[in-house]
Amino acid sequence: MKIKVVENLLKANDLVAAENRRVFREAGLFCVNMVSSPGSGKTSLIEQTLPVLPEGVVAAVIEGDVKTDLDARRLAPFGVQVVQINTGGGCHLDATMVRGALDEIDVSKCNLLFIENVGNLVCPAAYDLGEDVKALVLSTTEGADKPLKYPRMFLESGLVIINKIDLLPYVDYDLEAVTSAVSSMNPSAGLLRLSCRTGEGLEGWIDWIRERVRPGSR
Ligand SMILES: Nc1nc2c(ncn2[C@@H]2O[C@H](COP(=O)(O)OP(=O)(O)OP(=O)(O)O)[C@@H](O)[C@H]2O)c(=O)[nH]1
Ligand SMILES: [Mg+2]
């Protein structure tokens, strides 16, 4: 019976996610659902990205957080539309929360939407928000075993970003093991390595955005 309830919840979520997806399509908005463990660098990556977006790309951000608006406050100085969702203890965003946040965004003024999900490698994997792609931000401080321990998130993600490569000399992180695990689990996922601290590898991420966002769409 419990399983049935969960199934129904997910089905209801999928219906709203489909509606969100329709809104994104009609608005010409490319939507990236950023997922990760807590602290791997999702907000840092958005901070580094906003000032160097490709010509014609205008971003908005939906920030998901259990309790605070700290991340939204970090992004406010960049002058983009930012909407904060507090889940009130919930460990993931769902499509209905995003639907509500969309009411506060003027989608006619942007063509790229970042959704920063709650830091968690489990539940956000199960909730479609209507995004074009889940971008999974790993970091070199969290151990190389994550693809094996949290397989669903890796299977659901179209892009895997390994952040904090500036720390590689100081941490015990087997980069090759991670990249080969990702490649064998999800061969179609893109794989980027970068550092939000030094900026190394950031151009690969900006190119990835450039290839996907249609600047003429807004
Ligand atoms: N050395 C180093 N530190 C980084 C890098 N990227 C982020 N950090 C640091 O990692 C910490 C967490 O970064 P955030 O961007 O807040 O991580 P987050 O994924 O948004 O965290 P939550 O929203 O809490 O899940 C901060 O202290 C950042 O300064 C990096 O490339 N190198
Ligand atoms: Mg954050």
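The values are calculated or read from the model by the stated rules, or taken from the named source; none is laboratory data. All of these numbers come straight from a predicted model, not from anything done at the bench. Because the Cβ atoms are built from the backbone with ideal geometry, glycine has one as well, and the counts that use them run over all protein chains shown.
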Write out, first by first residue and then by second, each pair whose Cβ atoms fall under 8 Å of each other, whose residues are 6+ apart or on separate chains, and whose first residue, in the stretch 83-104, is hydroxyl-bearing (S, T, Y) while the second is assigned to a helix (DSSP H, G or I). T87/M97; T96/N13; T96/V16
Of residues in the stretch 180-197 being within 16 Å of ligand 1 (Cβ to nearest atom) and part of a loop (DSSP other than H, G, I, E, B), the one farthest from the chain's Cα centre (by Cα): R197
Can you spot a residue in the stretch 76-89 that is among the aromatic types (F, W, Y) and crowded, with 16+ Cβ neighbours inside 10 Å? no
Kindly indicate which of V6, V32, V66 is at pLDDT below 95 and out of contact with any helix residue (DSSP H, G or I) (no Cβ under 6 Å at 6 or more places or on another chain). V6
Do we find a residue being surrounded by fewer than 20 Cβ atoms within 10 Å (Cβ to Cβ), under 16 Å from the mean Cα position of the chain (by Cα), away from ligand 2 (no atom under 14 Å from the Cβ) and not in a helix (DSSP H, G or I) anywhere in the stretch 108-123? yes
Of (1) buried (at least 21 other Cβ atoms within 10 Å of the Cβ); (2) not in a loop (DSSP other than H, G, I, E, B), L148 fails just (1)
